[in-house]
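Below: one structure, written as structure tokens.
The values are calculated or read from the model by the stated rules, or taken from the named source; none is laboratory data. The structure displayed is predicted, hence computed values, not measured ones. Because the Cβ atoms are built from the backbone with ideal geometry, glycine has one as well, and the counts that use them run over all protein chains shown. Heads up: the accessible areas ignore ligands, DNA and RNA and are worked out on the full protein's heavy atoms, side chains in. Shrake-Rupley method; radii C 1.70, N 1.55, O 1.52, S 1.80 Å.
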Amino acid sequence: MTEQLGPNDEWFRAIADSAPVLIWMSDTEGRGIYFNLAWLDFTGRPTEREAGDGWMERLHPEDRGQIDAAYEAFHQRVPFQLQFRLRRKDGAWRWMLNSGKPRHTPSGEFAGYTGSCVDITERFEAESEARRQLGLMRAITDNAAEALFLMDGEGRISFVNPAAERMFGWTADELVGAVLHDKLHHHHADGRPYRIEDCPITSVFATGDTLREHEDVFFRRDGAPVDVLCSVAPILTGGGVDGAVVVAHDITDRKRAEEALQRSESRFAAIFRQVIVGITQFDLDGRFLLVNERFCEIVGRPMEDVLKQTSQGISHADDAERTVALMRRAADLGEDFQVEKRYLRPDGSAVWVNNSVSVMRGPDGTPRFLVAVVRDITEQKRVEAEMSRANQELVAALDEREVLLKEVHHRVKNNLQVVVSLLRLQASRLRDATGVDALRESLNRVSAMSTIHELLYRSTTLADIDFAEVLRTLTANLRDAYDLGEGHVVTIVEVDPVPVSMDAAVPLALIANELISNAFKHAFPDGGPDGGPGEVRVGLSREDGAIVLRISDTGAGFIPPRRASSLGLMLVDRLVKQISGRLDMEPPPGTRYRMTFDLQ
């Protein structure tokens, strides 16, 4: 086709319309101006629909980007070739090879492009399938765990996969072109040179037979041996061997495992004979198949006699039925089990044993027989019986002690309540306010100690007491003692469970008593802030491994008097030192105490 033909030339139309390929022409702007009969028959549309950019309606949406390359060539006035999909009149998408060349007038002016579309669907699909197959083969060879080699007719390597590179330490470039035998198979495992004439791998070139599952030794680049299981298949063409495929599987670990198994079996045989526990093998019916000397010593029978017996046959009558049930369960469910039982010796004496029984399975996974490790626990049972008697005696003694201690706490609490009542009676007779306050403080202190004994009496354990419960009870009692209603003071107790010993509980209770009493006595002489009720807050928590007791109020603040003039604060100081704690007075608002102590 020349560059000077135009769409109006009748003879050009006749030639183009008779052509079997799709022919098109464009103007100088790239718009379609002519489509031959083959094109119109392919799309099933008239020229008017195809003209301009109308033909692009039949273009696959994913291929529109290809047209950009055509337009780039159009602007440069150079030929182009591209592939895209065009919809046929029956709706099928067909791959087209579109070629275009610039067209010029007789005077040399650019007149547009002339081009053709050839249906390459079958070729494209065949190439795609070939690429897919090639990609699949590449994926298989690249991801195969086995080393793959392709040899030509002279035994030279023409292809290796990545597994072969990793397995033997050579790169593909170093192996391709080299004789496989010279690179990997040059010596026997014992170090003797391996002649290529004796090599079973290269023998396939002479025999044409496949070599299957051949165990041998190849060598890495660094000279280290690699145990391999290899297969070699000849490539036959024209009646001769044109090459071979070698597949090598690294069985070094398997060989080492086999050697280790042999060593393990030897060790097991020695252990079986010399171990200090009995070992038996018996079938699912309890019939002994194998026993060691130690088991014979345990049951006091010669080996010949034991091998004629069953496990249940030499068991104590009380244990035989349970033994049979466990063996039946092991046979049905394949479950291992442990059992303590008694074997009977020929003299009628019983020996206690601990049997750890494992189920051994056959190749099909079903239980085949049982293996038991038998430990003589007769002495252990004797000691356990003695310890059980001793424990019973100890429990009885502890129960008696606990009853006595509870009675002591109950009586101490009652005596302290008597003291409280006497102090309360004495206070009611006094007319001196100072004396009444002093008696009330003493009464509160005695009441705090009484609370400890009351809670210990009700506790399920005498070792310690939940100090959170002490604080709740103590706060409520003090509030009642000072006759402070909800309208005057609100108490908030936020405490975590903290168990403390009896030795720590009493001083802690007295400290809390003094600080809470001070809040009730001094914080709100004129009522709470802003005319509302005051607030006294008691908190107990664990922080950074220590116990923190917080007592605060929302009063106007409290300036502590000198310790020498305040019995309560002197008592607090000494008690804080007694428990190795630390008491800090935090800044306002209100009066806020923070005591930190450790129960270690």
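When you go through (1) open to solvent by 20 Å² or more (accessible area, probe 1.4 Å); (2) modelled with pLDDT under 80; (3) out of contact with any Leu (no Cβ under 6 Å at 6 or more places or on another chain) one by one for A523, which number turns out not to apply?
A523 satisfies all of (1) open to solvent by 20 Å² or more (accessible area, probe 1.4 Å); (2) modelled with pLDDT under 80; (3) out of contact with any Leu (no Cβ under 6 Å at 6 or more places or on another chain) except (1).
Yes or no, residue by residue, for (1) touching a strand residue (DSSP E or B) at 6+ places or on another chain (Cβ under 7 Å); (2) surrounded by 11 or more Cβ atoms within 10 Å (Cβ to Cβ); (3) part of a strand (DSSP E or B):
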site	(1), (2), (3)
L134	no, no, no
F149	yes, yes, yes
E154	no, no, no
S158	yes, yes, yes
E174	no, yes, no
V226	yes, yes, yes
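Just the residues that are open to solvent by less than 60 Å² (accessible area, probe 1.4 Å) and free of Cβ contacts under 8 Å to residues at least 24 places away in the same chain, please, taken from region 367-398.
Those that are open to solvent by less than 60 Å² (accessible area, probe 1.4 Å) and free of Cβ contacts under 8 Å to residues at least 24 places away in the same chain: V383, A385, S388, A390, A396, A397.
Starting from region 317-339, take each residue that is under 15 Å from V357 (Cα atoms) and list its partners that are among the β-branched types (V, I, T) and assigned to a helix (DSSP H, G or I), counting only C-beta distances under 9 angstrom and pairs at least six apart or across chains.
The qualifying pairs are V339/T323.
In the set A145, A164, which member is touching a residue at least 24 places away in the same chain (Cβ under 8 Å), under 21 Å from L229 (Cβ atoms) and open to solvent by 60 Å² or more (accessible area, probe 1.4 Å)?
The match here is A145.
For region 114-126, give me the residue count where each residue is under 17 Å from R85 (Cβ atoms) and surrounded by 12 or more Cβ atoms within 10 Å (Cβ to Cβ).
Number satisfying all stated conditions: 9.
Starting from residues that are of a type in the set (K, R) and assigned to a helix (DSSP H, G or I), keep the ones in region 292-330 and report whichever is nearest to the chain's Cα centre (by Cα).
Result: R329.
So the check is Cβ under 7 Å with 6+ separation or different chains; which pairs have a first residue in region 43-66 that's within 15 Å of L22 (Cβ to Cβ) and a second one that's of a type in the set (S, T, N, Q) and assigned to a helix (DSSP H, G or I)?
Going by the 7 Å Cβ cut-off, the qualifying pairs are E50/T43; R58/T43.
Return yes when V226 is of a type outside the set (S, T, Y), in contact (Cβ under 8 Å) with a residue 60 or more places away in the chain, closer than 30 Å to R192 by Cβ and assigned by the TED database to the domain that holds M167 and no when it is not.
no
Pairs under 7 Å by beta carbon, first residue closer than 12 Å to R375 by Cα in region 351-362, partner hydroxyl-bearing (S, T, Y) and not in a strand (DSSP E or B), six or more apart or different chains?
V351/T378; W352/T378
Out of the residues in region 242-283 meeting the condition of being assigned to a strand (DSSP E or B) and among the β-branched types (V, I, T), tell me which one is farthest from R361 (Cα to Cα).
V245
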